[in-house]
Amino acid sequence: MQRYFDLSNDFNNIILSEDDIFHIKQVMRMRIDDNFEVVKNNKVYLCKILSLNPFKFSYLIDANNNNELKVNITLIYAFPKFEKLEFAIQKAVELGVKQIVLVNGEHVVFKLDEEKNKNKFVRFNKIIKEAAEQSKRNYLPKLTLVKIFEDILSFKSELNLFAYEKSDTPLTKLHEILSNKDIKNISILIGPEGGFTKEEANYAIQNGFNSISLGKRILRSETSVIYLLSLLGYEYEE
C-alpha cells in the first residue's frame, strides 16, 4: 500500500500536498474506494478515497503499525560527490536512520552551505521523503548541516561508532560492542571519498567515538554507509 507523509502544520486534520495528490491520481492511478496510508506525527493512518474531483478521503489510525528500528541512529557523514551523496541518503533512510548530519570535512569534494545550496537541500529532503514513503517508515528523518567538523560533538549518542580504516578494532568486535540492548541512541561517523585527516580522526577518537574497522577491504564512502547501517539493522531489527 502506498504511503505518504503529511508535512502540514494542521494538527487537527490530515492534509496532503498537491504533489502527493497528483501522485495518487496520475501516477498511481488510484480510484474511489482505493486505500493508501498517511503518516502524521509519526502515526500511521489508513485512508480510503471518497472522491477524486474534488479529492476527498476518510481516515482512521492504525496504532499497531510501527516499522522503526529499536534504536535511534544518527548518521554523521562527511559526504562524497553529490550523486553518491544522494544515493547514500536514500539508502540510509531505507535502512532506518533517524537523523542525517552532513559535515564539511577537509577531504570533502565540495563545501556545502545551506544558504548557497538551497536547491540541493530541497532535493536532499525530497529524496528523504520519497525513500521514507517507499520503505514505509513511521518517521521522516531529519537532515542537518554542520559546517565546522568539531561541532560533530553536538550529535553524540550513548554509543558512538567511527568507521575508520586504520582502526585496531576489527569488525568481529562489533557484535560485542552492540551487546548492550538497552542502548536507545547510536551515532555513526563515516568519512568522505578521501577519508578523514589524521587530525579529524584523532579529534573524533579523543572525544568518545569508538573507531572500528569495516574489514580488510577499503570500501567506498557510500558503501560504508550501507554496510554499517545494515549491520546495525541486523542487531536491532525487531
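What follows draws every value from the coordinates through simple rules; no lab data is involved. Bear in mind that the values here come from a model prediction, so they are computed numbers and not experimental data. Every residue, glycine among them, receives a Cβ derived from its backbone with ideal geometry; neighbour counts consider all protein chains shown.
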Label-point separation in nm, residue 173 to residue 53, each point 7 Å along Cα→Cβ: 6.6 nm
Gap in Å between the Cα centre of segment 112-183 and the Cα centre of segment 223-238? 12 Å
Sorted by chain and then number, the residues having a modelled amide H within less than 5 Å of the amide H of residue 162, at least 5 places away or on another chain, are 189, 210, 211, 212
How much length is gained if the chain between residue 110 and residue 207 is pulled fully straight, taking 0.36 nm per residue apart and subtracting their Cα-Cα distance, in nm to one decimal? 32.3 nm
Helix 82-94 sits at what angle to the longest principal axis of the chain, using alpha carbons and giving 0 to 90 degrees rounded to 10? 70 degrees
Mind ranking 61-73, 161-173 by how tightly packed they are, going by the mean number of other C-beta atoms within 10 angstrom, highest first? 161-173, 61-73
